[in-house]
Amino acid sequence: MGVFNFRQFKVDDSGCGMKICSDSVLLGAWFFAPYPHAQNITDVGAGSGVLSLMAAQMCPDAVVTGLELDQDAAKAAKANFEASPWAKRLRLVQGNFADYRAMPQDFIISNPPYFNNGLKAPSQARATARHQQELSYDTLIGYAADMLSPDGRLGFISPAEFESEIIFRAEILGLKLCRLCRVSNRPGMPPKRLLWDFSRIDCPQAATQINLRDEAGVWSKDYLALVTPFYTKI
């Protein structure tokens, strides 16, 4: 894709196994909206850094750490961080996220790979990005259960078909579901994606629904309200 221009930052994803996708933008816009005063944020599997950059934009007091295993993606993310208005609050750590144990983390966010079955992608970088090898829902939830601060939050996105197993896995490891947003392409269609917000502590559960487009096929008002602060054109 090359350089993608957002309203307040740019992302160059050249050399990254997986390119910028709308899933990450939707997740970041939805997850951080209630937490503008976040202080400590970790982006697991940062890729080219789009979620980290969104976190820095939405949470002006936060220090954001991007964790990325792939060398080329880490290099791209680091360059994108340095070129952003928030370079002093962003840092990139290359390596396996499971080895990052610096301190309890207040917010962990991730857009994990979800093509855990089927044919491998042609390049190893793309295969690592797309297939649940190092980073999976199980490993992400397990990492959060170990590393979140007492009132910390975990946010991620998944395909809708994983709803039951994700809830089960989180319950086993002591994480409580606080918010769940089911994402459909249009009204009346089954959910395509799920946006998750888990906590260590009990909290009122809020389940919502968002349709990306309305009955006429136009971007919905709810979707536009989330992503317009980031997209220059939609």
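No value in this document is a laboratory result; all are computed from the given coordinates. What you are looking at is a predicted structure, and each value in this text was computed from that prediction instead of being measured. Here the Cβ positions follow ideal geometry from the backbone for every residue, glycine too, while neighbour counts run over all protein chains shown.
Shown here for segment 149-234: trypsin sites (Lys or Arg not before Pro) in loop regions (DSSP other than H, G, I, E, B) with at most 11 other Cβ atoms within 10 Å, namely Lys233.
GNM on the chain, alpha-carbon springs under 10 angstrom: the most fluctuating residue among Asn111, Asn185, Asn80 is Asn185. Among Ser24, Ser110, a tally of other beta-carbon atoms within 10 Å of each Cβ gives an order, fewest to most, of Ser24, Ser110. Where (i) 43, 23, 14; (ii) 29, 22, 17; (iii) 23, 22, 19 are the candidate values, the label of the one calculated here for semi-axes √(5λ) of the Cα gyration tensor in Å is (iii).
Considering only DSSP beta bridges where both residues belong to the chain, give the percentage that are antiparallel (nearest 5).
Details: 19 of 44 bridges.
The answer is about 45 percent antiparallel.
Between Lys221 and Ile172, the simple label model (points 7 Å from Cα in the Cβ direction) yields a spacing of 4.3 nm.
Taking every C-alpha pair closer than 8 Å and separated by at least 6 residues, the mean separation divided by the residue count of segment 3-227 gives a relative contact order of 17 percent. A cut-off under 9 angstrom between Cβ atoms defines the neighbours of Val64, and their net charge, with Lys, Arg +1 and Asp, Glu -1, is +1. Restricting to lysines 8 or more places apart or on different chains, can you count the pairs in segment 3-227 with Cα atoms under 27 Å from each other? Lysine pairs, 8 or more places apart or on different chains, close enough: 17.
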